[in-house]
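Worksheet: the structure to be examined is printed underneath.
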Amino acid sequence: MEPDLFAEIVLWMYRSKHSLGGLQRKKMNFLLKLWLLAKNLEIPELQDSLMPLLKGRAEEDTREILCNDAVGLIYTQTLPNSPLRHLVVDIYINGSKAERKAMNVQDSPRQFLEEVCWTLPDEGKEWIGLPLPSLDQTNRYYVSHLLAQTVYAGLREDTAEIRQPATPAQMRSRKIKNLPTRQKGTHSVQRSFNKGNEAEASGELPQN
């Protein structure tokens, strides 16, 4: 772990969002590494707090993130549906033709190219350098939103596995087996009970 990255993690633990002021002067590569380190340390609040910096820096100069080093770093350390992947794909698609052309896509990760193709507008629509959606308009750049979706999906899956009550038709088709309840002394008690019934029927009282 790089000392500067570790220092930022320690500052975050003590000062939370108040520790991000010095990151304005950091390069994109440093911000990406810090976001990825926060992912590995499971600090989603820090990841979400870094996203405005990452997005703002990328919008100022797309070359900082639309380069093979940055894209390669992102795609080797994240999984599909990662907010960081959403960001770099959106920047590539919404960028100008010159910005896209400046990136050597032949050396880009295959997954990046696949996700670009999946996210592209419908055929016939021109690529226009539209601005990215603001962070207030989209949740796709936030880890907290991704975690909420995952928890919700898990709850739905758990609910689906709960056994539902059997229908009347299912109950009628079921064969109910009588389980034997053999206990010590049961047969002798039953024989005595039967003899008592026979004596009562014949008018004889049992001898004590």
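Here are some notes:
- For region 1-54, the set of residues classified as of a type in the set (Ser, Thr, Tyr) and closer than 23 Å to residue 72 by Cβ is empty.
- Look at region 1-30: where a residue is within 23 Å of residue 67 (Cβ to Cβ) and of a type outside the set (Val, Ile, Thr), no partner that is modelled with pLDDT under 90 and not in a helix (DSSP H, G or I) sits 6+ places away or on another chain with Cβ atoms under 8 Å.
- Pick from region 31-66, criterion small (Gly, Ala, Ser) and touching a residue at least 12 places away in the same chain (Cβ under 8 Å), ranking: nearest to residue 89 (Cα to Cα): 58
- Filtered residues of region 1-28 (kept if of a type in the set (Ser, Thr, Tyr) and either surrounded by 11 or more Cβ atoms within 10 Å (Cβ to Cβ) or touching a Ser or Thr at 6+ places or on another chain (Cβ under 9 Å) (or both)): 16, 19
- Residues that are over 23 Å from residue 117 (Cβ atoms) number at least 2 in the following helices (runs of 4 or more DSSP H) confined to region 43-107: 44-60.
- Among the residues listed as 73, 79, the single one being under 25 Å from the mean Cα position of the chain (by Cα), within 24 Å of residue 146 (Cβ to Cβ) and in contact (Cβ under 8 Å) with a residue 24 or more places away in the chain: 73
- Check on residue 37, out of contact with any strand residue (DSSP E or B) (no Cβ under 7 Å at 6 or more places or on another chain) and part of a helix (DSSP H, G or I): yes
- Test result for residue 87, within 23 Å of residue 8 (Cβ to Cβ), hydrophobic (A, V, I, L, M, F, W, C), crowded, with 18+ Cβ neighbours inside 10 Å and in contact with a Lys or Arg (Cβ under 8 Å, 6 or more places away or on another chain): yes
The values are calculated or read from the model by the stated rules, or taken from the named source; none is laboratory data. Just so you know, these numbers come straight off a predicted model, no measurement behind them. Neighbour counts run over all protein chains shown; Cβ positions are idealised from the backbone, glycine included.
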